[in-house]
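This report concerns only the one structure given below.
The values are calculated or read from the model by the stated rules, or taken from the named source; none is laboratory data. Just so you know, these numbers come straight off a predicted model, no measurement behind them. Cβ atoms come from the backbone with ideal geometry, glycine included; neighbour counts cover every protein chain shown.
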Amino acid sequence: MLLMLLLVGGMALTNLYSSTYIADTGAASLFYKQLIFFTAGLGMILLILTQEYERVVKLGYVLYGLVLLLLLYTLLFVKAIAGAQRWIDLGFFNLQPSEPAKLALILVLAACYANTDVAGGYRLRDLIKPAILTVLPFVLIAKQPDLGTALICAIVFVSMTLFVRLRWATLSILSGTGLLCIFVGWKFLLKEYQRKRIETFLNPEGDLMNHGYQIMQSKIAVGSGKIFGKGFMEGTQGHLHFLPERHTDFAFAVWGEEWGFAGSVFFLSCYFFMLIWGVNVAMSAKDKLGSILAFGCTMLIFWQAVINLFMIMGLLPVVGVPLPMFSYGGSSLLTNMAAIGIIMSVRMRSFPSATT
């Protein structure tokens, strides 16, 4: 797990160096900031490994309450940037509370499910508490507005709930409710620009110079890399600024252009081996809490990666979900590295210690 993390982190920093390089001054300050965050993330992993994961979970409700307060603070007191209230200026970096909110949600859901034993699968009334725990951050994040991160919270809740097993009647009711929520959300809750993103995803050629621009430039960048890519720092779509958000949401498009299909396969192999190992940790954990916790952390990284990669290839609408540990962003990087640390902690404690 640590080896894969270092490989992915190294490729991410290499890609960030290229995507933010300035001809006159060299590497951009964003590169050095991300390097500092990555180093801090490794230190945080070491700290997590020194603690029993049961103790980390006990701190989950404290972290959960704190991030809810921070999310409220952003809505009430933080000035909007580009129409969104997501970041709290701490001086040395901008904190995005919605990122640690995802990890806090996993901790409290794991504690909730681990402490509830239900024979035959969970019923609807057994899901009331987990649902409330999910709805609170979901609503606060969606109000920022940050639909992508809010959806990740909902998807993580669904994944963890299915993992602990539902009764068939409960699953049927929830499936029907989910379809109804999609219809209601489309008709009454989505903002106009959010609807436009979905319509553009279905027909990007219909609005090439506006909402369809990002998707088309991303597909051009990935496709132009061909088999072996154009070479490090030789990508034209990124360096000539045709590709927007090339260091954040569309970072992998830069990698695909410069390293091609072969480089992309190598990266994805490292990435998904790390995720497969996370599932293995969940299945071999010593107790129910460790299993649910490792699975939730793995699903957090998995779904963000799937949505981002599909978004880059034009297979999903642009919803602003970064590629974990690859896209630029201190809050996102530290949150996902903490999730990796928790998975490693569960693995370390999956075997009984030898006694003499």
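A few remarks follow.
- Scan of the range 137-168 for residues that are farther than 15 Å from VAL67 by Cα, among the aliphatic types (A, V, I, L, M) and over 13 Å from the mean Cα position of the chain (by Cα), ordered by number: VAL158, MET160, LEU162, VAL164, LEU166
- Annotation note: Cβ proximity below 7 Å between a residue of the range 1-21 that is within 15 Å of TRP259 (Cα to Cα) and a residue that is β-branched (Val, Ile, Thr) (sequence gap 6+ or interchain) occurs for ASN15/VAL254; SER18/VAL254; SER19/VAL254.
- Residue in the range 24-48 that is nearest to PHE232 (Cα to Cα), counting only those that are among the aromatic types (Phe, Trp, Tyr) and in contact with a helix residue (DSSP H, G or I) (Cβ under 8 Å, 6 or more places away or on another chain): PHE31
- If the condition is being of a type in the set (Asp, Glu), at pLDDT 90 or above and not in a helix (DSSP H, G or I), then the range 44-101 contributes only GLU52.
- Applying the condition of being of a type in the set (Phe, Trp, Tyr) and in a helix (DSSP H, G or I) to the range 121-178 and asking which residue is surrounded by the most Cβ atoms within 10 Å (Cβ to Cβ) yields PHE157.
- The set of residues from the range 166-219 being of a type in the set (Phe, Trp, Tyr) and at pLDDT 80 or above comprises just one member, TRP168.
Let's see how each residue does on (1) surrounded by fewer than 17 Cβ atoms within 10 Å (Cβ to Cβ); (2) of a type in the set (A, V, I, L, M, F, W, C); (3) closer than 20 Å to LEU151 by Cα:
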{"site": "ILE48", "(1), (2), (3)": "no, yes, no"}
{"site": "GLY60", "(1), (2), (3)": "no, no, no"}
{"site": "GLY91", "(1), (2), (3)": "yes, no, no"}
{"site": "GLU99", "(1), (2), (3)": "no, no, yes"}
{"site": "ALA104", "(1), (2), (3)": "no, yes, yes"}
{"site": "ALA111", "(1), (2), (3)": "no, yes, no"}
{"site": "ASP117", "(1), (2), (3)": "yes, no, no"}
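- Between SER291, SER353, SER345, the distinction of being surrounded by 20 or more Cβ atoms within 10 Å (Cβ to Cβ), over 22 Å from LEU7 (Cα atoms) and either at pLDDT below 95 or of a type in the set (Gly, Ala, Ser) (or both) belongs to SER291 only.
- Annotation for the range 10-33: no member residue is under 17 Å from CYS297 (Cα atoms), of a type in the set (Phe, Trp, Tyr) and either at pLDDT 90 or above or in a helix (DSSP H, G or I) (or both).
- Neighbours by Cβ (under 7 Å, 6+ apart or cross-chain): first from the range 145-165, modelled with pLDDT of 90 or more; second of a type in the set (Ser, Thr, Tyr): THR149/SER98; CYS153/THR134; ALA154/THR134; PHE157/THR134; MET160/TYR113
Yes/no matrix, rows are residues, columns are (1) surrounded by fewer than 24 Cβ atoms within 10 Å (Cβ to Cβ); (2) touching a Lys or Arg at 6+ places or on another chain (Cβ under 8 Å); (3) of a type outside the set (Phe, Trp, Tyr); (4) in contact (Cβ under 8 Å) with a residue 60 or more places away in the chain:
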{"residue": "VAL306", "(1), (2), (3), (4)": "yes, no, yes, no"}
{"residue": "PHE310", "(1), (2), (3), (4)": "yes, no, no, no"}
{"residue": "MET313", "(1), (2), (3), (4)": "yes, yes, yes, yes"}
{"residue": "GLY330", "(1), (2), (3), (4)": "yes, yes, yes, yes"}
{"residue": "ARG349", "(1), (2), (3), (4)": "yes, yes, yes, yes"}
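- Close contacts from the range 172-196, counting a first residue that is farther than 28 Å from ARG123 by Cα and a second that is modelled with pLDDT under 80 and not acidic (Asp, Glu), with Cβ to Cβ under 7 Å and a gap of 6+ residues or different chains, come to LYS196/HIS211.
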